[in-house]
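Shown next, in structure tokens, is the structure this report addresses.
The values are calculated or read from the model by the stated rules, or taken from the named source; none is laboratory data. Small disclaimer: the values here were computed from a predicted structure and weren't measured. Using ideal geometry, Cβ is built from the backbone for each residue, glycine included, and neighbour counts are taken over all protein chains shown.
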Amino acid sequence: MLLAGCTKEQWEVGFFPVESKGATSHTDHYIALWNGGWIAALAVGVITWALILWCIVRYRRKKTDRGLPVQLAYNMPVEILFTVMPIILVVGFFFQTIQVMEKTTDDRTPGEQVIEVVGKQWAWDFNYVTEDTYYAGVQVNLDGTEAPGENAPVLYLPADTPIEFQIRSRDVVHSFWVPAFLEKKDMIPGKTNVMHLTPLKTGTYVGKCAELCGEFHSEMLFNVEVVEPAEFESQMQALREQGNVGQLGKEYDRTDWYQNPYETEEGEH
């Protein structure tokens, strides 16, 4: 019954969000590492369970047995096996993880579009730096239905275009998270974090804050619209026509309580 409740698509992505497959230039690498890790762990588990059951059955006490069973100090082949195999597994996981990190979290592909994502209690501002325009988001008010999500702040991304996200906070610690992208990045006052990726699959994705940031943390939602480049340009032009020209700067920050001791007067770190 449990297996019948799982679709082929869910198995393929290792029970990550189904829409993650092919969503960005990184998601398939994460999925492959995740599935490979579970397959290796399951194989080790099956072997270990089989040996345990074999010992239980093969060496069970019989009615004709008298006294204690033969006491064995060690079994050299078994001890070598259970010493060498974990080392092989750990080394294998290590190098697979390094290879995936080089293609994902360490990705520094120059962004054709630079977008500054700014978290604030409890909404989002999006500065489209390359396009010199912006979007100022307002808080979503949940009412127990899915309707409020339809009016959440919207981040537009052009498909098949390298993106550089510059991520920071206006007040407290937030976290930029699009579950389908399988990545999240903390937003820390006084610090700008960077994320590089290329959206590949058009569609609507849900985003949220992944760091408990205050009373209305649950309402800090946004949508991501991955669209064709022509539609992206159309959306940018619409923002300009609304008067959203330029950038929303640090004058809206609420971080007077925080002073970065490593920041110079010129703003360098």
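Could you give every pair whose Cβ atoms fall below 6 Å, whose first residue belongs to segment 34-60 and is within 23 Å of residue 11 (Cβ to Cβ), and whose second residue is surrounded by 10 or more Cβ atoms within 10 Å (Cβ to Cβ), counting only separations of at least 6 or pairs across chains?
Listed pairs, sorted by first residue: 34/14; 35/14.
Yes/no matrix, rows are residues, columns are (1) without any contact (Cβ under 8 Å) to a residue 40 or more places away in the chain; (2) over 16 Å from residue 125 (Cα atoms); (3) assigned to a loop (DSSP other than H, G, I, E, B):
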| site | (1), (2), (3) |
| --- | --- |
| 177 | yes, no, no |
| 201 | no, yes, yes |
| 204 | yes, yes, no |
| 208 | yes, no, no |
| 212 | yes, yes, yes |
| 222 | no, no, no |
| 225 | no, no, no |
| 234 | yes, yes, no |
| 239 | no, no, no |
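Could you list all residues from segment 208-239 that are farther than 22 Å from residue 180 by Cβ and surrounded by 16 or more Cβ atoms within 10 Å (Cβ to Cβ)?
236, 239
Please specify each residue of segment 115-159 satisfying the condition of being in contact with a strand residue (DSSP E or B) (Cβ under 6 Å, 6 or more places away or on another chain), under 20 Å from residue 173 (Cβ atoms), of a type outside the set (A, V, I, L, M, F, W, C) and assigned to a loop (DSSP other than H, G, I, E, B).
Scanning segment 115-159 gives 137, 139, 153.
Can you name the residue in segment 77-106 that is in contact (Cβ under 8 Å) with a residue 24 or more places away in the chain and outside any helix (DSSP H, G or I) and, of all such residues, is surrounded by the most Cβ atoms within 10 Å (Cβ to Cβ)?
104
Can you find a residue that is under 19 Å from the mean Cα position of the chain (by Cα), in a loop (DSSP other than H, G, I, E, B), modelled with pLDDT under 95 and of a type in the set (S, T, N, Q) anywhere in segment 107-114?
The answer is yes; a qualifying residue exists.
Would you confirm whether any residue within segment 166-180 is buried (at least 21 other Cβ atoms within 10 Å of the Cβ), in contact with a Leu (Cβ under 8 Å, 6 or more places away or on another chain) and either over 22 Å from residue 219 (Cβ atoms) or hydrophobic (A, V, I, L, M, F, W, C) (or both)?
no
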